[in-house]
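Step one of this worksheet: look at the structure below.
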Amino acid sequence: MIELRASIKDQAQERVVSSEEALDATFAEASAEARARGSLNIIVLTAPNRDWLSIVVGGEETVVGYNHGHGDPPYYASAGEVQTHDPVLTAYVGFKHRTEFPRRWVVPFATGKQAAREFLA
């Protein structure tokens with residue numbers, strides 16, 4: 001497995017994640033904090049090559065995004081079961097930056113967690 005950097009809060013030190021156990025602990029802690037704050041959070045997992053995966057935490061649903069480290073397209077997002085835009089899923093990157101996702105990108109959190117495990121592997 002590789003070593004990921006997990007960004008959970010805006011302007012906070014990143015966390016090193018190098019095992020599934022550490023990834024699960026990061027999700028559990030970030031999800032608990034999001035629930036305590038009453039808002040979904042978006043955490044970012046960055047690989048050594050600068051590719052990154054974003055995932056919404058704090059609820060039963062998530063959106064997963066993937067971007068290449070070079071920052072150029074294509075950009076990817078999870079594909080949910082419905083094809084509608086509404087109701088949007090609202091979350092905050094690092095508890096700061098409001099982001100709205102169309103319903104068609106929403107998947108179960110367990111699916112997002114599995115995507116993150118594969119990204120780590």
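The values are calculated or read from the model by the stated rules, or taken from the named source; none is laboratory data. Just so it is clear, the structure is predicted and the values come from calculations on it, not from any experiment. All Cβ positions, glycine included, derive from the backbone under ideal geometry; neighbour counts span all protein chains shown. Note: accessible area is taken over every heavy atom of the protein model, side chains too, but ligands, DNA and RNA are not part of it. Shrake-Rupley method; radii C 1.70, N 1.55, O 1.52, S 1.80 Å.
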Scope the range 12-38; condition farther than 21 Å from Ala110 by Cβ and hydroxyl-bearing (Ser, Thr, Tyr); matching residues: Ser18
Verdict on Gly38 being at pLDDT below 95, at positive phi and of a type outside the set (Asp, Glu): no
Unique residue being surrounded by 16 or more Cβ atoms within 10 Å (Cβ to Cβ) and over 14 Å from the mean Cα position of the chain (by Cα) when the list is Gly80, Gly112: Gly80
Strands (runs of 3 or more DSSP E) contained entirely in the range 30-121, each with at least 2 residues that are farther than 27 Å from Ile2 by Cα: 89-93, 97-101
Residue within the range 42-54 that is of a type in the set (Asp, Glu) and open to solvent by less than 80 Å² (accessible area, probe 1.4 Å) present: yes
Of all residues in the range 1-24 being in a helix (DSSP H, G or I) and open to solvent by less than 50 Å² (accessible area, probe 1.4 Å), the one that is nearest to Gly59 (Cα to Cα): Asp24
